[in-house]
Amino acid sequence: MIKIKFSEKPEPGVKGGGTKKFYAHVVTDGEATIDELVKDIEKFSSLSEPDIRGVIVALENVIQNKLSDSKIVRLEKLGSLYPSVSSEGVDDPKDLASSMVKEVTINYRPGERLKKAINDAGFKIVK
């Protein structure tokens, strides 16, 4: 179950806040660390803890390299990671420069199986 809570918030973009309404938001319940993931993966595989940890660290390194090479990293049912930038705009193409990039981020698109799992999880309202 996904834990949610409702909080009163002003209307976005309305000067003075407009009419306040209650909106749902997720209440996170801690974090799942690599240690916890490794222990859970051990239950579903014949790999040892050091092997699983090694694969996770190697995957992280490979993903970093692929994203740095402008690749989309497709992790099948997990989804895709891809690099993204935001920049200033210019009127004249002669003024283009890489220094115009303001922010570099990584975007994530979940796979269909993950989207289905989260949509089917149900909700529990917490106080």
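Results, tabulated for the structure shown:
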item: Ile2, sole failed condition from (1) free of Cβ contacts under 8 Å to residues at least 40 places away in the same chain; (2) in contact with a helix residue (DSSP H, G or I) (Cβ under 8 Å, 6 or more places away or on another chain); (3) not hydroxyl-bearing (Ser, Thr, Tyr); result: (1)
item: Residues that are over 20 Å from Val38 (Cβ atoms) and not hydrophobic (A, V, I, L, M, F, W, C), drawn from region 52-76; result: Asn65, Lys66, Ser68, Asp69, Ser70, Lys71, Arg74, Glu76
item: Unmet criterion (only one of (1) more than 23 Å from Ile4 (Cα to Cα); (2) surrounded by 10 or more Cβ atoms within 10 Å (Cβ to Cβ)) for Pro50; result: (2)
item: Residues located in region 32-76, provided they are farther than 30 Å from Val104 by Cα and assigned to a loop (DSSP other than H, G, I, E, B); result: Ser45, Ser46, Leu47, Ser48
item: Residue that is farthest from Met1 (Cα to Cα), among those in region 83-121 that are surrounded by 12 or more Cβ atoms within 10 Å (Cβ to Cβ) and over 18 Å from the mean Cα position of the chain (by Cα); result: Met100
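Residues checked against (1) within 30 Å of Gly122 (Cα to Cα); (2) surrounded by 11 or more Cβ atoms within 10 Å (Cβ to Cβ); (3) small (Gly, Ala, Ser):
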{"residue": "Leu37", "(1), (2), (3)": "yes, yes, no"}
{"residue": "Gly54", "(1), (2), (3)": "no, yes, yes"}
{"residue": "Ile63", "(1), (2), (3)": "no, yes, no"}
{"residue": "Lys71", "(1), (2), (3)": "no, yes, no"}
{"residue": "Leu81", "(1), (2), (3)": "yes, yes, no"}
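The rows are residues; the columns are (1) out of contact with any strand residue (DSSP E or B) (no Cβ under 8 Å at 6 or more places or on another chain); (2) in contact (Cβ under 8 Å) with a residue 60 or more places away in the chain.
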{"site": "Glu76", "(1), (2)": "yes, no"}
{"site": "Ser80", "(1), (2)": "no, no"}
{"site": "Ala97", "(1), (2)": "yes, no"}
{"site": "Val101", "(1), (2)": "no, no"}
{"site": "Thr105", "(1), (2)": "no, no"}
{"site": "Lys115", "(1), (2)": "yes, no"}
{"site": "Phe123", "(1), (2)": "no, yes"}
{"site": "Lys127", "(1), (2)": "no, yes"}
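FYI, it's all coordinate maths here, none of it is from the lab. Remember, predicted model here, so these are calculated numbers, not experimental data. Neighbour counts are summed over all protein chains in view; Cβ atoms, including those assigned to glycine, are modelled from backbone coordinates with ideal geometry.
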